[in-house]
Structure formats: C-alpha cells, structure tokens
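Please read the structure below before turning to the comments.
The values are calculated or read from the model by the stated rules, or taken from the named source; none is laboratory data. Since we're looking at a predicted model, the values are computed, not measured. A quick note on method: Cβ atoms are made from the backbone with ideal geometry, for glycine too, and the neighbour counts reach across all protein chains shown. Only protein heavy atoms, including side chains, enter the accessible area calculation; ligands, DNA and RNA are left aside. Shrake-Rupley method; radii C 1.70, N 1.55, O 1.52, S 1.80 Å.
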Amino acid sequence: MQNSRSGGPSRWGAWLEEAGLTLDVVHGHKGDPLPGGLDDHDAMIMLGGGYLPGDDERAPWLAPARRLVGEAVAEGVPLFGICLGGQMLAEVAGGEVTGDAGAPENGSVPVTIRPEAGSDPLFHGLPPVVPAIEHHKDAVTRLPPGAVWLAETAACPYQAFRVGDRAWGVQFHPEVLPARVREWEADGFDPAEVYARAVADEPVSTPVWREVAGRFALTVRTRRTPA
C-alpha cells in the first residue's frame, strides 16, 4: 500500500522479491481501488506518507486501508507497517498516535534494539544499536495492549513493536536509501550533514534491514505453506 508519490517500496520491495515474493503495489494516493479483503494476498506492507492514520479528509483511502490492517491483525496475515504504516497498526490495535509529538527525527539515527527483541522472529540477534533513516514529527505515543516493544530512540521511544504473532510496526524507514534523504525538507536540520550521515551509516544499516526483510519473507512463506 503506497500512500505518496515518492514513497514506494524501494529496496524493501526488491529484497522481498529476491526472497521469492511477488509485489502487488496499490497506489492509494492515485485513487487505486483497494482490495475488499486479503483473501488473495499472503501478506501486507503499509508504507509511509505525510498523514496521520485517521487523516481521512486529506487521504480518503486511509479508511479502507485501516480496515485491511485490522483484518490482517485479526486473521494473522503477516503485516509490516513503515512510519505511517506502523502508526496505523498501533492505532488500529488500540494504541495511540499523536501529531507533532516530541522532537522530530530526520536522517540516519541510532536505534536501540530492546531486550524483548531477543525472541522476536524479525528482530532477534540484531546488533544492540542499528542506524535507521527517519523522517517524522508524528509518533506512536502509546503501544497497543499486549504489544511487544522491540526498539527505541531517545526522541521517539516506540521505534518498533509487534502486535500478536505476525504484525510489525516501525517508525523508521528501512526501505529508504540515502539519496531519498536529499528530497526531504525538515526545519532545523542541515541537509548536507543529514545526507552525509546517511551515506556513512549505510554500510552498517543495509545488511541488517536486508536480513529483517528476508525474515519477514520467511514468515510469509511459512504461513502460506501447507503443514
């Protein structure tokens, strides 16, 4: 589910295809019809966008998108939500999202992996701190009941979490390459410095997020393979 013109699946989609999955990209921002349900799909990726999860007046496709997210959680369909997508998962599952919450994050930021991630299918065994590209001022401010808190930063505690067994939300952008950072505007940040940091961190961050994408693909394949 793509929610903005430039916010496509990028390398995350390429990694999933390398792992044997086929993408069906729905461009909600262009008015593409959303599927009525997830019976014909093995998983769901909800990408980012410059909206709050309930910003239906500006983005009318978000209402049916929320229904699909709710269906994925209820039916155990593997779901990965990025930025807006992670916020949507939190809200649909009973958490809270707040606009203009705390200090904005932009560019490559060190994300701390929490001890709870040690048994998580996607985040287990990752380095204690991993760089991740951020671009947000809205944030999850309360996790859903029963959610597992997986990663944090000082400015935005709820960087990654899991709902149930197969639904993950992240505040950062594992799909984004440093070149995309140059297209973003953020008050209070030096664009050249932000880009240079993202380039410097990419050799460290890329193998980690590629591994997480591969683990998500394995979750999808395992679920759809008959016992």
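A compact table of results
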| read-out | value |
| --- | --- |
| Which listed residue, of 25, 69, is aliphatic (A, V, I, L, M), at pLDDT 95 or above and open to solvent by 10 Å² or more (accessible area, probe 1.4 Å) | 25 |
| The listed residue being closer than 16 Å to residue 10 by Cβ and either at pLDDT below 90 or loosely packed, with under 15 Cβ neighbours inside 10 Å (or both), out of 142, 223, 210, 182 | 182 |
| Residue satisfying all of: in segment 6-22; in a loop (DSSP other than H, G, I, E, B) and over 16 Å from residue 173 (Cα atoms); most open to solvent (accessible area, probe 1.4 Å) among these | 22 |
| Selection status of residue 164, touching a helix residue (DSSP H, G or I) at 6+ places or on another chain (Cβ under 7 Å), open to solvent by less than 10 Å² (accessible area, probe 1.4 Å) and not basic (Lys, Arg) | no |
| Meets criteria (part of a loop (DSSP other than H, G, I, E, B), surrounded by fewer than 20 Cβ atoms within 10 Å (Cβ to Cβ), in contact with a Pro (Cβ under 8 Å, 6 or more places away or on another chain) and without any contact (Cβ under 8 Å) to a residue 24 or more places away in the chain) for residue 34 | no |
| Close pairs (6 angstrom Cβ cut-off, 6 or more residues apart or separate chains): assigned to a loop (DSSP other than H, G, I, E, B) in segment 38-50, surrounded by fewer than 16 Cβ atoms within 10 Å (Cβ to Cβ) and not β-branched (Val, Ile, Thr) anywhere | 42/224 |
| Residues satisfying the stated conditions in segment 145-162, i.e. farther than 24 Å from residue 8 by Cα and of a type in the set (A, V, I, L, M, F, W, C) | 147, 148, 149, 150, 154, 155 |
| Cβ-Cβ under 7 Å pairs, at least 6 apart or on other chains, segment 185-209 side of a type outside the set (A, V, I, L, M), far side open to solvent by 90 Å² or more (accessible area, probe 1.4 Å) | 191/182; 195/182 |
| Pairs where the first residue, in segment 100-119, is under 25 Å from residue 203 (Cβ atoms) and the second is surrounded by fewer than 21 Cβ atoms within 10 Å (Cβ to Cβ) and acidic (Asp, Glu), C-beta under 7 Å, 6+ apart | 108/201; 112/152; 114/152 |
| Condition met for residue 77 (of a type in the set (Val, Ile, Thr) and assigned to a loop (DSSP other than H, G, I, E, B)) | yes |
| Among the residues listed as 66, 5, 11, the single one being touching a residue at least 24 places away in the same chain (Cβ under 8 Å), closer than 21 Å to residue 209 by Cβ and of a type outside the set (A, V, I, L, M, F, W, C) | 11 |
